[in-house]
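Q: Provided herewith is a single structure, encoded as structure tokens, for subsequent inquiry.
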Amino acid sequence: MLYLLDSNVLITANDTYYELERIRPFWDWIRAEAKRNVVKIPREMWDEIRPASEDFRLWLSANQVDLAIDEVHSPSLVESVLLNGYGFNRSDVDDIATIEQTNDAILIAYALANRSNRCIVTLEGVQSPDAPHLPKPQNRKIPLVCRRLGVRCIDTFELIRELDFRIPLSPNLGDRSPTS
């Protein structure tokens, strides 16, 4: 299985719960999984990642070759995602450069290229697929579009469970005495 990461997976991890400076094992694990071709990020999404720290910027730069998927996306699959997943009209798709969902559509197109062996990892919220409550095309999130197209989509924490990531305990942890 190839897990395709949305840029928000790395951004949110570094900005909140797995800061590079504090939880280095997570980032070492991501790098190792990228080298094993288990996790990848579309090259088109690199511009979305704006490092909040110098350490994160250096880590991204050092690992970009391993993290980037070594494929070119299919424009016809991107168009299919925009039309059938997002529900845009043909006239909207003809002017694809103005559509905000282009990078997300590219991510989903990479998954569609080998749907049975690819999974998208994103932290975007899940929306209802029910037609009467279906959001407008420009407001649809990746999990909803994936569901409409039959693409598997999970979040970071499901990825961690599926690939069995574990943070080793610090050897000094047992030496601490409780404070009052």
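Since every read-out is calculated from the coordinates, none of them should be taken as a lab result. Only a predicted model underlies this, so the values are computations on that prediction, with no experimental measurement involved. All Cβ positions, glycine included, derive from the backbone under ideal geometry; neighbour counts span all protein chains shown.
Q: If you line up the Cα atoms of region 6-81 on their principal axes, what length do they span on each, largest first, in Å?
A: 42, 24, 18
Q: Would you please name the GluC sites (Glu not before Pro) within region 1-95 that are DSSP coil residues with at most 14 other C-beta atoms within 10 Å of their C-beta?
A: Sparse-neighbourhood loop GluC sites (Glu not before Pro): Glu21, Glu71.
Q: In addition: Whose amide H sits under 5 Å from the amide H of Gln127, counting only residues 5 or more places off or on another chain, with H placed in the peptide plane?
A: Distant-sequence amide H within range of Gln127: Leu144.
Q: Still on this structure: Largest first and to the nearest Å, give the Cα extent of the chain along each principal axis.
A: 65, 36, 30
Q: For the chain, what does -39500 (n - 2.57) per DSSP helix run (n ≥ 4), summed and divided by total residues, give at 222 nm, in deg cm²/dmol to the nearest 500?
A: After summing the helix terms and dividing by the residues of the chain, the value is -11500 deg cm²/dmol.
Q: Anyone know which of Asp66, Asp155, Asp92 comes out most mobile in the 10 Å Cα GNM of the chain?
A: In the Gaussian network model the winner is Asp92.
Q: Continuing with this model, one more query. State the extension gain, in nm to one decimal, for the chain segment bounded by Glu54 and Val126, taking 0.36 nm per residue of separation less the distance between their alpha-carbons.
A: So the extension gain works out to 22.7 nm.
Q: Another question, if that's okay. So how much slack lies between Glu162 and Lys136, counting 0.36 nm per residue of separation and subtracting their Cα-Cα distance, in nm?
A: Difference between extended and current length: 6.1 nm.
Q: Sticking with this structure for a sec: Which of Ser80, Ser53, Ser91 moves the most in a Gaussian network model of the chain with Cα springs under 10 Å?
A: Result: Ser91 has the largest fluctuation of those listed.
Q: Also, I was wondering about something else. Taking a cut-off of 17 Å between Cα atoms, list the aspartates and glutamates near Lys141, but don't count ones fewer than 8 places away on the same chain.
A: Asp6, Glu48, Glu79, Glu100, Asp104, Glu124, Asp130, Asp155
Q: Same structure again: Select from the chain the helices, each a whole stretch of DSSP H, whose alpha-carbon atoms run 18 Å or more along the helix axis and whose Kyte-Doolittle mean is at least -1.0; answer none if there are none.
A: 54-67
Q: Okay, next question. Check which residues have an amide H placed less than 5 Å from Val39's amide H, if you skip close sequence neighbours.
A: Tyr3, Ala34
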